[in-house]
Amino acid sequence: MKKEIATLLITAMGALALTGCGNKTDDNVQTNTQNTEADDAQTQSQKTESNEAGNDDTSGEEKVELTFMGWGNDSEVATFRAMIDAYEEKYPNVSVDYVVVANSDYDTKMQNMIAAGEQPDAFYCGIDYVMKYAATGNLYDLSSYVENNDLFDVDNVWENAINIYRYNGTGLGDGPLYALPKDVSAFSVVYNKDLFDAAGVTPPSEDDPWDWNDYLEAAQKLTDGEVYGTSMYSMESAVWSNGADWLDASLTQVAFTDPKFVEAFQFVADLRSKYHVAPSSSEETSLSSYDRFMQGRLGMMGVGSWATADLWNQCQFEWDLMDWPVSPNTGEKAVWFGSAGLAVSPESEHLEEACNLIAFLAFNEDAQRTSYTTGMSVPTLKDMAYGEYAEMDKAPVNKKGFLNVLEDYGRLATQSRTFNQEWWSEFNSGVEAVFNGEMSAQEYCDSVADSVQALLDKSVEQQKALN
Amino acid sequence: MLALWHPDDMCLRKKAAGYEKGMVIIMAKNSLKRKERRAGLLFVMPAMVQFVCFFLLPLCLCIFASMTDWNVLVKNKNFIGLQNVVELFRDSKFWIAVRNTVYMLLPIPFYMVLGLLFALACHKEIKGNKVFRVLYYLPYVSSIVALVLLWKWLFNSEFGLINQALGLFGIEGPNWLGDPVWTKRMIVIMIAWKMIGITSIYFLAALKNVPPVYYEAATIDGAGSVTQFFKITVPMITPIIFYLLCVNIIGSLQTFIEVDLFTTDGGRNYGVATVIYYIWQKAFNYSQMGYACAAALVFGVMILLVTLLQFKLSDKWVYEGE
């Protein structure tokens, strides 16, 4: 008998030794719990908190437990935690388990959870994934909820930002609604006012917009030794404003061999390789344009509204926004805007509570206020954007630089409108050669057209296979 | 499985032998054997459970999945036979990745030779060699993410220490992080540097195992230290050289994390991506799990062939003892 017990003990010890690694990581997580800055720890502590809350409150009506998964930096997580607390106060029968995953792991984790049938009730959904998840039946159709809810008025939300989450079975833009915009990020041009004054450049105004040539001229005036005139220009803005696109209207054929596309592409590349008004590729890898701008060594740069906080905190000079220059051929301007959505899983057992949660998180006024006063984004609610945000006494002076993009000329990126983005990485894998002047835009576009088309065909095929 | 049945066989044979000696002894022996057998089973259990759960089962699932069009997001899978493999062989990106993966074998000779030299230096009783041993080993135990961050800073083309140092000699340093050819070279340098320590520890252990009598006899016969090194030391440590070659080649073929951390999308023109990176992208970025399983199997077979070849060749040069 003694022997047997000894054997058992030894076996158990062996098993423990084998799983040693696992135990160690568990320990780490436990010790990390005190450190609220680590993402993992936040997951852990949040879980325990909500579990405790769940156990304490067994007396009343049955408690609904929701899982909500997202990513975010510290301030975003803190904002969301505060919002979730407010939600739980408003709906005392619901407790939310808030899981934070590192941004870079998020999509992998989400896909694995879907594969395992364990998706959270409500979750962040990046715009690139909306089509994939909606087409595979992993997003709950929010259309009827949105029309009959009492948390927000859909007409008060940027139409652009709502419509990108509609999917009709073939493309985004119309049809049933599958997510609500957690935020909107407008992409605009920021410029260094001090450098402009020193170089004697007058920024464009609404009555006197710039075209590409004006932009180039200004960049040339600004470039001086340590200072570059501009970062690499937004390809989207150049291409779209010139009336071209990567793909044709049906999104099934590549269209970048069109002369209008090539012209725009060449304009962007020439800024670096011909006119040397943008940092070279090696200068860019060693110090990104973003940091160069913050250091006051770059005149103009494309910038998203998410960078407002950094601009506030790091710039030792005056800065402001301008609209994207128009194409000299069309007189039109264009640029992309981004957004991340909040979605509900159709597998959720508490659809109504989950819908309420995402609507509350997306359109809660206090949260919107926190997010623009901390420089995270511009409000999703129009009345607030044109009201208190526009009147806010902080840079940029020209807040319409962001708002115009959302109201007027912003578009959803082409690659977000296809089923997968492999063709897009293929197109981009060699564009540096054009930016560096090793190849002309025409040569490059001709050389990759076939391989990009092949990948696009695959994407279309994959989407069709699901219908 | 063989290991499991061996004790049983023994049991049967002994039972037959015990028959002649009378029933009582048999009974006692029998229950003792049974107990022993149970204990034996318990002992191998953890290893078996691990083997079945984390190796055999996933392997079978992988073989099955490789013949389907399994997309992670879709519930039903269709059987498509070998179509995935055909598509894989047609994909030019896969072959680029294979070439890059072979490139990652480059650091092995460097760190094997340097590791041996370091081990020889440590083997001699020099003052402070314990400190050196710790220092050599440090890169190996450091977190790879931390190392990559450090190297990104070192190899920054404008402000990095490496290019600044090169600049002192009038050499214009390359764009390490932007140009895929140089990024690959940088990864090679980094892996070589990282692996020298652990390699030298292995060599040190092997050197300590060479019986000193051989050296004594050689000294009496008048052999110099160079002759001793090539005629005694090297042949005696061929088993560890062989072991390190096998393990390191497999390890190098599986290079992934450096590619993921140093580049986005495998670098310009996919110039840095390795096969594992390719598989990972297919599985987790593009949700094509079935296709990725097929790629993983094909790659597994490739590694197996390389390793078998090594074993085959090992008869020619590895010293197996008297």
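About the Cα centre of the range A:343-467, how large is the charge dipole given +1 on each Lys and Arg Cβ and -1 on each Asp and Glu Cβ? Please answer in debye to the nearest 20.
Its charge dipole is roughly 320 debye.
If I model a spin label as a point 7 Å beyond the Cα along the Cα-Cβ vector, how far apart are those points for residue B:302 and residue A:291 in nm?
3.5 nm
Of all the C-alpha pairs in the range A:355-440, what % are more than 21 Å from each other? Intermediate results must be reported in sequence, preceding the final value.
Numbers: 2002 of 3655 pairs.
Value for the range A:355-440 (Cα pairs over 21 Å): 55 percent.
Please report the net charge: other residues with Cβ closer than 9 Å to the Cβ of residue A:282, K and R +1, D and E -1.
Around residue A:282, the surrounding residues sum to -4.
Report Rg/Rh for the range A:274-397, rounded to two decimals, where Rg is the Cα radius of gyration and Rh the Kirkwood radius.
Details: Rg = 19.0 Å, Rh = 17.8 Å.
The Rg/Rh ratio comes out at 1.07.
How tilted is helix A:351-363 with respect to the longest principal axis of chain A? Cα atoms for both, answer in degrees (0 to 90, nearest 10).
It is inclined by approximately 40 degrees.
Take the alpha carbon gyration tensor of the range B:92-317, find the square roots of its eigenvalues, order them as a ≥ b ≥ c, and report rounded if a/c is under 1.5; if not, report prolate when a/b exceeds b/c, else oblate.
Values: a/c = 2.59, a/b = 1.46, b/c = 1.77.
Judged from the Cα gyration tensor, the range B:92-317 comes out oblate (a/c at least 1.5, b/c at or above a/b).
Work out the length of the dipole vector of the protein assembly as shown about its Cα centre, built from +1 on the beta-carbon of each Lys and Arg and -1 on the beta-carbon of each Asp and Glu, and round it to the nearest 20 debye.
Dipole about the Cα centre, nearest 20: 6100 debye.
Of B:126, B:237, B:187, which has the largest mean-square fluctuation in a 10 Å C-alpha GNM of chain B?
B:126
At what distance in nm do the modelled label points of residue B:41 and residue B:144 sit from each other, each positioned 7 Å from its Cα along Cα→Cβ?
About 4.0 nm, to one decimal.
With a Förster radius of 30 Å, plug the Cβ-Cβ distance of residue A:170 and residue A:116 into 1/(1 + (r/R0)^6) and report the FRET value to the nearest 0.05.
It comes to 0.55.
Label residue B:315 and residue B:34 with points 7 Å out from Cα along Cα→Cβ: what is the distance between them in nm?
Rounded to a tenth, the inter-label distance reads 4.8 nm.
Take each uninterrupted DSSP H stretch in chain B, measure its Cα extent along the helix axis, and return the ones at 20 Å or beyond whose mean Kyte-Doolittle hydropathy is at least 0.5.
Within chain B the helices that satisfy the rule are B:107-123, B:180-209, B:238-253, B:289-317.
Report the calculated FRET efficiency for residue A:451 and residue B:223 (r = Cβ-Cβ distance, R0 = 56 Å), to the nearest 0.05.
Details: r = 62 Å, r/R0 = 1.10.
E between residue A:451 and residue B:223, to the nearest 0.05, is 0.35.
Using only Cα atoms, tell me the angle between helix A:259-273 and the longest principal axis of chain A; keep it within 0 to 90° and round to the nearest 10.
Taking the Cα atoms of chain A, the angle to A:259-273 is about 90 degrees.
Could you give the size of the charge dipole of chain B about its Cα centre, using +1 on the Cβ of each K and R and -1 on the Cβ of each D and E, expressed in debye and rounded to the nearest 20?
Here chain B has a charge dipole of around 1160 debye.
What FRET efficiency comes out for residue A:436 versus residue A:252 if R0 is 30 angstrom and r is the Cβ-Cβ distance? Round to the nearest 0.05.
0.45
Under the √(5λ) rule applied to the eigenvalues of the Cα gyration tensor, what semi-axes describe the equivalent ellipsoid of the protein assembly as shown? Give them in Å, descending.
For the protein assembly as shown, the ellipsoid semi-axes come out as 54, 38, 26 Å.
Work out, step by step, the length gained on full extension between residue B:53 and residue B:75: first 0.36 nm times the residue separation, then minus their alpha carbon distance; give nm to one decimal. Could you put the intermediate results ahead of the total?
On the way: separation 22, 0.36 × 22 = 7.92 nm, distance 2.33 nm.
That pair, residue B:53 and residue B:75, stretches by 5.6 nm at full extension.
For the Cα atoms of chain A, what angle does the longest principal axis make with the long axis of helix A:212-222, in degrees from 0 to 90, nearest 10?
90 degrees
Subtracting the Cα-Cα distance from 0.36 nm times the residue separation, let me have the gained length for residue B:158 to residue B:110 in nm, one decimal.
14.5 nm
Return the percentage of antiparallel bridges among DSSP beta bridges fully within the protein assembly as shown, rounded to the nearest 5 %.
65 percent
Counting only helical runs of four or more DSSP H residues, what would the 222 nm mean residue ellipticity of the protein assembly as shown come to if each run contributes -39,500 (n - 2.57) and the total is spread over all its residues?
Computed mean residue ellipticity for the protein assembly as shown: -17500 deg cm²/dmol.
List residues of the range A:140-165, by number, whose backbone nitrogen lies under 14 Å from a label position 7 Å along Cα→C-beta of residue A:386.
Hits in the range A:140-165 for residue A:386 at 14 Å: A:155-160.
Enumerate the residues in the range B:297-322 having an amide nitrogen under 20 Å from the point lying 7 Å beyond the Cα of residue B:210 toward its Cβ.
Taking a point 7 Å out along Cα→Cβ of residue B:210, the residues of the range B:297-322 whose backbone N falls under 20 Å are B:316-322.
Taken together, the values in this text are just the output of simple stated rules run on the coordinates, not laboratory data. Treat the numbers as computed from the prediction; the structure is a model and nothing was measured. Note: ideal-geometry Cβ built from the backbone for every residue, glycine included; neighbour counts use all protein chains shown.
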